[in-house]
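Chemist: Quick one: this structure, given as structure tokens, is what I'll be asking you about.
Where a number appears in this text, it was derived from the coordinates with a stated rule and is not lab data. Treat the numbers as computed from the prediction; the structure is a model and nothing was measured. A quick note on method: Cβ atoms are made from the backbone with ideal geometry, for glycine too, and the neighbour counts reach across all protein chains shown.
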Amino acid sequence: MKDQNYLPPERPPRKPGQEPSARLTLDAYVRMRRELEGLRSDGRTKMAERLLHAREFGDIMENAEYDAAKHEQGLMEARIRSLERMLKDPDIIEVVESDEVGPGTLVTLRLTDAETAADEDEDETYLVALSAEERAPGVRTVTSASPLGSALLGRRVGDRVTYEAPGGTFTYQVVRCEAFRPS
């Protein structure tokens, strides 16, 4: 298995009061480790080449290409630091089958507001996750700390969920929930 190189290392138990650096599923951990390794090697190499090429356009004080490359390099290095921080000592959570919405659950919602339900009769599926780094193909991620995510936690199929968002108050009905298992 080629993912074997990206699995988390064995670690001693945490001391009392010691918090994990992040709470991630194994799938998210592996994906983030791959991204980190790619940015550290190929990303930095390509960025150095881009900067070298941009310097050829002349004085770096008035060189838009160089400024853009430096800005992109800064964003890339910030992402590397963010990944390193999250992957330092995370809790790897296991998604469990349940009839309640929880972290790692794919939940399908149907808008029940009278005015908007007539316009949109399409169901929406979300991945409820502890971290915004979690991903599921073809669906949006909502964190359990977000207004919608916190309103969904503990709900079951058939329950109605009302939450306030910047665009107003929305009411949904939980149509389906299942544990997300990446393929």
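Chemist: If N is the number of residues in the chain, what value comes out of its Cα radius of gyration divided by 2.2 N^0.38 Å? If you can, show how the numbers build up before the last one.
Modeler: Working: Rg = 21.3 Å, N = 183, 2.2 N^0.38 = 15.9 Å.
Relative to the rule-of-thumb radius for its length, the chain sits at 1.34.
Chemist: Something else: Determine which aspartates and glutamates satisfy two conditions relative to K70: a Cα distance under 17 Å, and not lying fewer than 8 residues away in the same chain.
Modeler: D42, E49, E56, D59, E62
Chemist: Could you calculate the FRET efficiency of R11 with S41 from 1/(1 + (r/R0)^6), where r is the beta carbon distance between them and R0 is 30 Å, rounded to 0.05?
Modeler: Details: r = 25 Å, r/R0 = 0.82.
Once rounded, the FRET efficiency stands at 0.75.
Chemist: Moving on to the next point. Modelled label-to-label distance, A132 and Q18, 7 Å Cα→beta-carbon offset: nm?
Modeler: For the pair A132/Q18, the computed spacing is 2.9 nm.
Chemist: Taking only DSSP H segments of four or more residues, each worth -39500 (n - 2.57), what value at 222 nm results for the chain once the sum is divided by all its residues, to the nearest 500 deg cm²/dmol? Write out the running numbers ahead of the final one.
Modeler: Values: 5 runs with 61 residues, N = 183.
Mean residue ellipticity at 222 nm (helix-derived): -10500 deg cm²/dmol.
Chemist: Further question on the same structure: Please give me the summed charge of the neighbours of I60: other residues whose Cβ is under 12 Å from its Cβ, Lys and Arg +1, Asp and Glu -1.
Modeler: -3
Chemist: Take the Cβ-Cβ distance between A179 and I80 as r, set R0 to 45 Å, and report the resulting FRET efficiency rounded to the nearest 0.05.
Modeler: Result of the calculation: an efficiency of 0.90.
Chemist: Now a separate question. Can you tell me the 0 to 90 degree angle between the C-alpha axis of helix 44-55 and the longest principal axis of the chain, rounded to 10?
Modeler: 50
Chemist: Given Cα positions, please report Rg to Rh for segment 50-114, the hydrodynamic radius being the Kirkwood one.
Modeler: 1.36
Chemist: So, in Å, what gap is there between the alpha-carbon centers of segment 1-41 and segment 61-106?
Modeler: Cα centroid of segment 1-41 versus Cα centroid of segment 61-106: 12 Å apart.
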